[in-house]
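The values are calculated or read from the model by the stated rules, or taken from the named source; none is laboratory data. None of these values were measured; they are calculated from a predicted model. Note that we place each Cβ from the backbone using ideal geometry, even for glycine, and neighbour counts take in every protein chain shown.
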């Protein structure tokens, strides 16, 4: 099972904050492409003097600012039932240890909330966080996510009951599609539905290909 998109996003954000954003001046120039020369300098200097904390979960009153909160805001299954994409794993040494790999397609919504004490800092850091996701396609797919899409961004009203009103918060939301799998033990030679039967190499659709194994005699 993969880490989950919220953890994947958090690790990517932390790596950028501690790495390229702290050392690569050319990256800041690219981020501010189209702006007057040197426009990035005050934002870059402020960022490096007071880098954001990247955490899982919503912000709390005693958190340091600025802060990037990575939050799971939704999880919807993409299939009508769990196990539709299951497959049988046969042990070469002992047929009694066969397992089913159960799976389900899931779309998880992950929100990134940028908090700071200045609305312009919140604006710029929200754009940087968005850019990190855009630039990390290869890393996100390599971590086990099949595809993802951008949902939108908006400012959040202050919540005086749990956060200071002096904070400015902006949230952006992404949707990640992945196939969750886990092995499950099964009784000897009992195959649970759905079962797919086809000649070796024949495409059965939905990612299933026929296979004939003459070495199995049970």
Completion exercise
Only one of 114, 145 is modelled with pLDDT of 95 or more, crowded, with 16+ Cβ neighbours inside 10 Å and touching a strand residue (DSSP E or B) at 6+ places or on another chain (Cβ under 9 Å), namely 114
Handout entry: Residue that is nearest to residue 68 (Cα to Cα), among those in the stretch 34-54 that are assigned to a loop (DSSP other than H, G, I, E, B) and within 27 Å of the chain's Cα centre (by Cα)
Key = 52
Practice task
Among residues belonging to the stretch 1-16 that are in a helix (DSSP H, G or I) and out of contact with any strand residue (DSSP E or B) (no Cβ under 6 Å at 6 or more places or on another chain), point out the one that is farthest from residue 143 (Cα to Cα).
Solution key: 16
Handout entry: the stretch 128-151 residues that are more than 24 Å from residue 51 (Cβ to Cβ), paired with ones that are not in a strand (DSSP E or B) (beta carbon under 7 Å, 6 or more apart)
Key = 144/2; 145/5; 145/8; 148/140
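Could you list, in sequence order, the residues of the stretch 131-158 that are more than 13 Å from the chain's Cα centre (by Cα) and either farther than 18 Å from residue 173 by Cβ or assigned to a helix (DSSP H, G or I) (or both)?
Taking the stretch 131-158 as the starting set, the residues that turn out to be more than 13 Å from the chain's Cα centre (by Cα) are 131, 135, 151-158.
Across the stretch 131-158, the qualifying residues are 131, 135, 158.
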Completion exercise
The condition from (1) closer than 11 Å to residue 115 by Cα; (2) free of Cβ contacts under 8 Å to residues at least 40 places away in the same chain; (3) surrounded by 16 or more Cβ atoms within 10 Å (Cβ to Cβ) that residue 27 misses is numbered (1)
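Can you work out which of the residues in the stretch 117-127 that are buried (at least 18 other Cβ atoms within 10 Å of the Cβ) and free of Cβ contacts under 8 Å to residues at least 60 places away in the same chain is farthest from residue 17 (Cα to Cα)? Before the answer, list the steps.
The first filter runs over the stretch 117-127 and keeps only residues buried (at least 18 other Cβ atoms within 10 Å of the Cβ), leaving 121-122, 124-126.
This time we only want the ones that are free of Cβ contacts under 8 Å to residues at least 60 places away in the same chain, so: 122, 126.
Numbers: 122: 15, 126: 13 Å.
By that ranking, first place goes to 122.
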